[in-house]
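Rule-based calculations on the coordinates, nothing more; no lab input. From a predicted model like this one, the values you see are computed outputs, not experimental measurements. Here the Cβ positions follow ideal geometry from the backbone for every residue, glycine too, while neighbour counts run over all protein chains shown.
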Amino acid sequence: MSGLPGNNWQAFDDKERELRAEGWDVVNPAQLDREAGMKPDETVDQYNYESCASRDIQALSQCSGIYMLSGWQHSKGACWERALAKHWGIRRYYEIPKLDHHLQ
């Protein structure tokens with residue numbers, strides 16, 4: 001999330017709405033950030049990354065699945081969350097980019 005405009009909260013919020021509409025119980029990391037008092041325009045050097053990571057690990061440990069948004073592999077946090085999920089036997093789901101190429 002960090003490094004993207006608005007910390008990519010909009011994408012997390014949009015996906016949360018979509019998954020909830022399909023009946024999923026969702027833990028949204030953007031919502032966890034808001035509850036911790038963070039603002040969407042804060043950069044990684046304006047908050048305690050380790051504190052956020054610890055909170056996210058705790059949340060993940062209570063989940064039965066993790067949904068990886070498109071581009072997850074470019075995020076340090078998403079990479080270690082995926083690795084932990086795999087290690088703990090938590091199901092992993094992956095978003096497929098909708099516009100990854102154009103056919104004519």
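Per-residue ellipticity at 222 nm for the chain, helices alone: DSSP H runs ≥ 4 residues times -39500 (n - 2.57), over residue total, nearest 500 deg cm²/dmol?
Numbers: 4 runs with 46 residues, N = 104.
Calculated mean residue ellipticity at 222 nm is -13500 deg cm²/dmol.
Defining a contact as two alpha carbons under 8 Å apart and six or more residues distant in sequence, what relative contact order in percent does the chain show? Kindly include the intermediate steps, with their values, before the conclusion.
Numbers: 77 pairs, mean separation 22.2, N = 104.
Reported as a whole number, the value is 21 percent.
List, in order, the whole-Hz ³J(HN,Hα) value for each residue of region 57-62 obtained from phi through the Karplus relation with A = 6.51, B = -1.76, C = 1.60 and θ = phi - 60°; use x for Gly and Pro.
Running phi through 6.51 cos²θ - 1.76 cosθ + 1.60 with θ = phi - 60° gives 4, 4, 5, 4, 5, 9 Hz.
For the chain, I need the span (max minus min coordinate) of the C-alpha atoms along each principal axis, in Å, sorted largest to smallest.
46, 31, 25
With θ set to phi - 60° and the Karplus curve 6.51 cos²θ - 1.76 cosθ + 1.60, what are the ³J(HN,Hα) couplings of region 77-90 in order, to the nearest whole Hz, using x for Gly and Pro?
Ordered by residue, 3J(HN,Hα) equals x, 5, 5, 6, 5, 4, 4, 5, 4, 4, 4, 7, x, 7 Hz.
Give the long-range amide H neighbours of M68: residues separated by 5 or more places, or on another chain, with amide H under 5 Å away, using H modelled in the peptide plane at 1.01 Å from N.
Counting only residues 5 or more places away or on other chains, the set is Y93, Y94, E95.
Around A85, with a cut-off of 13 angstrom between Cβ atoms, what is the net charge of the other residues, counting Lys and Arg +1 and Asp and Glu -1? Can you show the working numbers first?
Working: positive: R82, K86, R91, R92; negative: D56, E81.
The answer is +2.
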